[in-house]
1. Taking the Cβ of each residue in A:96, A:74, B:82 as the centre, tally the other Cβ atoms inside 10 Å and list the residues starting with the fewest.
2. Between residue A:2 and residue A:49, how high is the FRET efficiency from 1/(1 + (r/R0)^6) when r is the Cβ-Cβ distance and R₀ = 51 Å? Nearest 0.05.
3. Taking residue B:29 as the anchor, which lysines have their alpha carbon closer than 24 Å to its alpha carbon, excluding any fewer than eight residues away along the same chain?
4. With a length cut of 18 Å (Cα positions projected on each helix's long axis) and a Kyte-Doolittle mean of at least 0.5, go through chain A and give me the DSSP H helices that pass.
5. Summarise the partner chain shielding of B:44-52 as one whole number: the mean count of Cβ atoms from other chains within 10 Å of each residue's Cβ.
6. Arrange the following residues from fewest to most other Cβ atoms within 10 Å of their Cβ: A:4, A:132, B:28, A:62.
7. What is the range A:43-140's relative contact order, in percent, from Cα pairs under 8 angstrom and six or more apart in sequence?
8. May I ask you to list the aspartates and glutamates whose Cα is less than 19 Å away from that of residue A:6, ignoring any residue fewer than eight positions away on the same chain?
Amino acid sequence: MSVDWKRFTFLLVAAGGAGLAWNALSGRGFAIGQSVLVEAGDELLKAPAAKTLLDRGALFLDARPRDFWRMSRIPGALSLPEEEYETTFGELETRIRRASAVVVYCGGYGCEASHSVARKLRERGIPAGILDEGLPAWEDAALPLDREPRS
Amino acid sequence: MSAFLRHPRLHLVLRLLLGGFFAYASLDKIANPAAFARIVYQWQIAGPVASNLAAVTLPWVELVAGVLLIAGAWKREAALVIALLLVVFLGAAGSVLARGIDVLNCGCTSVARTEAPSSWPPAWTRGVGWFLLTRNLLLLGGALVLVAVEPGREEEEGGPATAPASV
């Protein structure tokens, strides 16, 4: 007895097709073409567009845990970790409200912190863009990073 | 050793174990595809769109292959699919560990994101770590037996021989 490759292929195609059909028809599915982290009202910015804003004086907020910000950050970015939002926002509020534009970022497409912080800012009446796919996308676009250690 | 690997009861146990595990593992992911996609993102393997496709299709592959194994239909093909899934999962887990990414819930059997420390199963079985690698290697060994070894007939392996029907 050997593997029947037609059965094998049919199994994979049928199961994959069932998954796509379930996603489309069950009411539990989601849009496959974009991140599931994106919700209505989120403003995503590709890295080059974010760099343009940076050059125009936008304020960048790093939503990663503070130790990551201490190691490296987008130039001029302030640390506003998601888990410390309530305690840190007050310290930064004046600077954030004075900024011409605000962009939040975190550690990549799997990181939800930038979405969460941007929504919390919106709730306070501060529009904030989100760097699409986070710091790795910024680095992939060969944009500058500040690697000076901070305390 | 060869006789042991060919024993039909070993094959039955492996089919039920692998089929049951993968069919069970698929259910929560099928019920909550977006939550599973969030977990796949944390593995940081393939970008959001490819992760979405994996999150939508892989649980169904697990379910269909698992049910076929339990039912005893297309056994070798279903076992090969599961073996390939396990190779992919092992490679992905190795990549996650090598990059130092902390994945608290691998999404293997559940998509729950935050669970109480006392909840079952324990936290060390849910993350990407040595438990996951060891378990998947054992499951892969079982799947490869089903793919590569022809099971013997029950009476050949010392099991109960079927008596000829008396007239």
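1. Going from least to most buried by this count: A:96, A:74, B:82.
2. Computed FRET efficiency for residue A:2 and residue A:49: 0.40.
3. Result set, ordered by chain and number: B:75.
4. Qualifying helices, which must be both long enough and hydrophobic enough, are A:5-25.
5. What the average comes to for B:44-52 is 5.
6. Exposure proxy ranking, most exposed first: A:4, B:28, A:132, A:62.
7. 34 percent
8. B:62, B:77
Read-outs: derived from the displayed coordinates by stated rules, not from any lab. As the structure is a prediction and not an experimental result, all values here were calculated from the model. No Cβ is skipped: glycine too gets one built from the backbone with ideal geometry, and neighbour counts run over all protein chains shown.
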